[in-house]
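This report concerns only the one structure given below.
Just so it is clear, none of the values below were taken in a lab; they were calculated from the coordinates. Keep in mind the model is a prediction, meaning the values are calculated, not measured. Glycine also receives a Cβ, built like all others from the backbone with ideal geometry; neighbour counts cover every protein chain displayed.
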Amino acid sequence: MKQKILSLKLLLYPILSSILLLSSVAPVQIADGRMRRDQAVAEGPKEVIKIGVASMITPVDAVKYYQEIVDYIGEQINQPVQMVHRRTYEEMDSLLERGEVKVAFICSSPYVRNRERFGIELLVAPKVNGRTIYHSYIIVHKDSPIKSFEELKGKVFAFTDPRSNSGKLYPTYLLKTMGFSPERFFKRTVYSYSHNKSVEMVAKRIVDGAAVESIVYEYMLKKASPYAEQTRVIKRSPPFGIPPVVVTKDINPETKRKIKEAFLNMHKDRRGKAILGAMMIDGFVQINDADYDSIRRMERLVSDNSIPSRGERGKETIFFGVIPRDNPRIMYEKYQPLLDYLSERTSYTYELVLKKNYEDTVNALGRGEIDIALLGPLTYLEARAKYGAICLLKPKGIDGRATYKSFIIKKNDSPIRDLSELKGKRFAFSASKSTSGNLMPRYLLANSGIHLNDLRNYANFDYHDSVIKAILKGQYDAGAVRDSVVRKYKKLGIETIAESEEIPTGPLVIGTKTPFAVAENIKKALLELDPSNPVHQNILKRLDEDLRNGFMEARDEDYGEIRAMINAVPQTCGKGCHPKIRL
């Protein structure tokens, strides 16, 4: 039964024990990138081998097969294993460097860099079509008049990941040999953070061209991907050493031997061969470090003409940050039209800056790496307290009231009808710094007498969409997301248990280092956005629901109630676990 909470009392503040601070219960990193804190006492230490997979080296619908490979390896070595899946190469590189992942499927270029930086070691490599090589493909739409890479000058181009060989290094190397940098050659560049997404962006004409990995592209063609079939290759690179499986140098030698043996013999086993066949991989073989020398040569050449620093570019480029509510691919699709509009209406160019999490976005604003940012209420208050951020505007919301709500949801077929029934259940929160995905639902739960230690377990997911998917899969009994996400997924079987009071929409803010003239020009252009104007409507409709009616003036006082909630935590907790904080 749906429950609407009418007021939020100060007596509920104790449940904010980890929103702005580190929890006294250490979080445990699990495979899909979320953080879990279990109530139950651990049964005892187990040596788990963590095997990493960076999402860009696999087509989306093949990720499940990597899980099958990881499970297969665990069975063969008779030891527990865990797949750790990350969105970007940078995240996986960091896990390897810290030793949090001992084995990983990574791209060729990160292997070259990581080998030099912290001594990563080759273990095995996949063999595809009888070879251990791959290419970078430059692709365009099948109906595009462009026939060569040179004809992409002045066009919009998609890279995959900043550390990708086929998706960034090779096209940058090509430009270097032509006497150009990406900034001087293309009209605009974006990062898709997925090879298959780059193909989709070309097919949908979001970009004019893209650089993608040949293995992923050929896989999509063989699977009759409608996106791949809408594109064609205009340039193919020389062969490169195929993305390998690597291990850290401090891995136990015996463990390394067993894992390597399992990989090398996988194609001889009936089940192993079936898994490999589904991924169109012949098997795993040994590979030499020298096979990656061509990548090293490209790295050296490109480094001689590195991308200009921010200072060298000057203030004509404005860095526009947005807290990562969605994965980077979706964020670029949503916000790039808005930045294009600002480029036309002001005397600046704009670059979308997406950080890994909410906190990184706040810190980048404070350091001056971001000039202007669209934040949530909670992240704004933190940016204001730490760095003196100034709010300019806020979205009008779906009804012009400049508010939204937090919803606690479940699957339609779940017997749960009331918040009080969530005691002992599994709960999925959004990011820890999310107002609607973490702060407000914690209050709603506490108002029904449920605190974190009353839950069976809980998790914080990076994205609101991930919370929905986890609930639909049955991994969690309930979860918390913003209202627009509920409306987006309701037809898939989501039902509301409770909703919060109205929350002010998160503001557009500037840092103290952002020139006043820049702020005023951007503010003027955004206030002129009119949803009744067909051209403006086409820009606004790409954005989240609460931005589609445009913007209005914002004041710091708009966020006073949420500030009061946070500031009251140390005085009302009563457990002595909070240092004194002030936002």
- With a Förster distance of 30 angstrom and the Cβ-Cβ distance between Arg98 and Lys524, calculated FRET efficiency to the nearest 0.05 equals 0.05
- Please identify every one of the chymotrypsin sites (Phe, Trp or Tyr not before Pro) in region 334-378 that sits in a loop by DSSP and has no more than 12 other beta carbons within 10 Å of its own beta carbon. none
- Note on the structure: So for R0 = 51 Å, FRET eff. of Tyr227-Thr512 from the Cβ-Cβ r, to 0.05, ends up at 0.70
- Item | Too-long pairs where the Cα-Cα distance tops 32 Å, listed order kept, from Lys50/Lys127; Lys204/Lys256; Lys187/Lys524; Lys50/Lys473; Lys50/Lys469 | Lys204/Lys256
- Message: Which of rounded, prolate or oblate describes region 162-247 when judged by the alpha-carbon gyration tensor and an a/c cut-off of 1.5?
- Response: oblate
- Query: Among 431-442, 171-182, 66-77, how do they line up from the highest to the lowest mean number of other beta-carbon atoms within 10 Å?
  - Reply: 431-442, 66-77, 171-182
- Within region 505-539, what residues put their amide N at less than 20 Å from the label point 7 Å along the Cα-to-Cβ vector of Arg205? 534-539
